[in-house]
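Beneath this line is the structure, given in C-alpha cells, with notes to follow.
Rule-based calculations on the coordinates, nothing more; no lab input. In this text the structure is predicted, and so the values were computed from the model without any measurement.
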Amino acid sequence: MDEKLLQISELRKYFNMGKGQILKAVDDVTFHVNKGETFGLVGESGCGKTTVGRTIMGLYDKTAGDVIYNGQNVHELDEKETFKFYRQMQMIFQDPYASLNPRSTVKEVIAEPMEVHGLYPDKKEQLDRVIQLLEEVGLNRDHANRYPHEFSGGQRQRIGIARALALDPDFIIADEPISALDVSVQAQVVNLLKRLQKEKGLTFLFIAHDLSMVKQISDRIGVMYLGNMVELTASDSLYENPLHPYTQALMSAIPIPDPDIEDTRERIILEGELPSPIDPPSGCVFRTRCPYAMDVCAAKQPKWQEVEKDHYVACHLYDGSSSENNRPEVNIGKKPVQS
Ligand SMILES: Nc1ncnc2c1ncn2[C@@H]1O[C@H](COP(=O)(O)OP(=O)(O)OP(=O)(O)O)[C@@H](O)[C@H]1O
Ligand SMILES: [Mg+2]
C-alpha cells in the first residue's frame, strides 16, 4: 500500500503586482507524492513549477489550499516545528550559481545547514561528514576548500545536492537540477539522484521542463499549464496514453528514435502565445491554444477528474458519458501506426 508522504490540495499562490494586478502563478494544483517515489512536475517556463516547490517548502505563504507533509499542515507550523520540518524536507535550487554563496568555500556551504541545526559541533566530525557527503555525490576531500566558481556546472550541481543531503532529509524537491547542464552531464546527475534515492530511501519531487528526462526518473508525472495541473498519471501511462491536448502536444515534440514511427506520426504545433498569468483565459486556461476548444471551455473551468484508474485530467473533452466519442485520436507515435 502506497503511503502518501506529501499531499497538496487545491493549492493557489497569487502575487500582488500592485496597481490592482494579481498574478496567478499557481491556481489550483492537487497531487500527492508517495513515500519513496519520484514525482515529476513538468510544464513550460513560467507555468508555476518553482512557485509550487517554494510554496510546499513554506518559502512562500500560500494564497489558498493545503500542503500536508507526513500528516502536518506545513503552513500552520510554529517556528520550532518549521525548524524540524527543514530537517525532513530540502530543496535543490534551480540555479546553482545563485544558491551557492560565492564567498564561502564548498566546506562552508555544505556545513552551514548542519551548523544552523546544531549538528556535529565537533569540527573534526563536521569535516568528516562534509567529506563523506562530497564523496557521496562524486566529489572528494580536495574540493572542500575551493570556492563554487572554481567548479563546472555539473560539479556545482553536485555541491547543491550534497548541501541538500547535509541534514539527512527524507524528501527532496529538486528544481530543474539538470536543465543547465550538458546532456552527458545530465545523465550523470540523474544517475546520482537515482542512486541516492535507492541508498537512502529518499522521496523526490523532480521539477523539469524536459519530458524525456523526466520520464527516465519519475514514477508518476504531473503536467502543469499556466498555474494549473492539467494531467497526472504514472509515467508510462502518460507517454503511452496522454489524454490532455496540452500533454499530447508536449509528447508530439519529443523525437522518437525509430525512423518509421518518427516519419509518420503527427506533430502538434500549438498556435498562439502563452497567455499572461495576470490575465488568464476564462474557463479552461488552455482553450486559447487548444485545437479541440468548444464553447463550454470558455464558460467553465474543467473539473479535475479521474478518467481512468490513477489517471487524472482537467479537460472538458472527458466530461460526461459521451466523452469516449469526443476523445481526440492523435497519432503522436507512441503506438504502432494503424491504417
Ligand atoms: N516572487 C515572485 N513575484 C512575482 N511573480 C513571480 C514570483 N515568482 C514567480 N513569479 C511569476 O509566477 C509565474 C510562475 O513562475 P515560476 O518561477 O514558478 O515558473 P516555472 O514554471 O518555475 O518557470 P521556469 O521553467 O522558467 O523555471 C511566472 O509568471 C513568474 O513571473
Ligand atoms: Mg522554475
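Points to keep in mind about this one:
- DSSP bridge pairs, the chain: antiparallel proportion in percent, nearest 5: 60
- Per principal axis, descending, Cα span of the stretch 195-242 in whole Å: 34, 24, 16
- Percentage relative contact order, the chain, counting C-alpha pairs under 8 Å, at least six apart: 19
- For the chain, the Kirkwood estimate of hydrodynamic radius, built from reciprocal distances between every pair of different alpha carbons, is 21.4 Å.
- Cα centroids of the stretch 143-157 and the stretch 88-109: 10 Å apart.
- Overall shape of the stretch 38-151 was characterised from the C-alpha gyration tensor. The equivalent ellipsoid obtained from it has semi-axes of 29, 20, 12 Å, in decreasing order.
- Tilt relative to the chain, helix 153-165 - C-alpha long axis, 0 to 90 degrees, to 10: 80
- Estimated translational D of the stretch 105-195 in µm²/s (Stokes, Kirkwood radius over Cα pairs; 10 °C; 1.306 mPa s): 118
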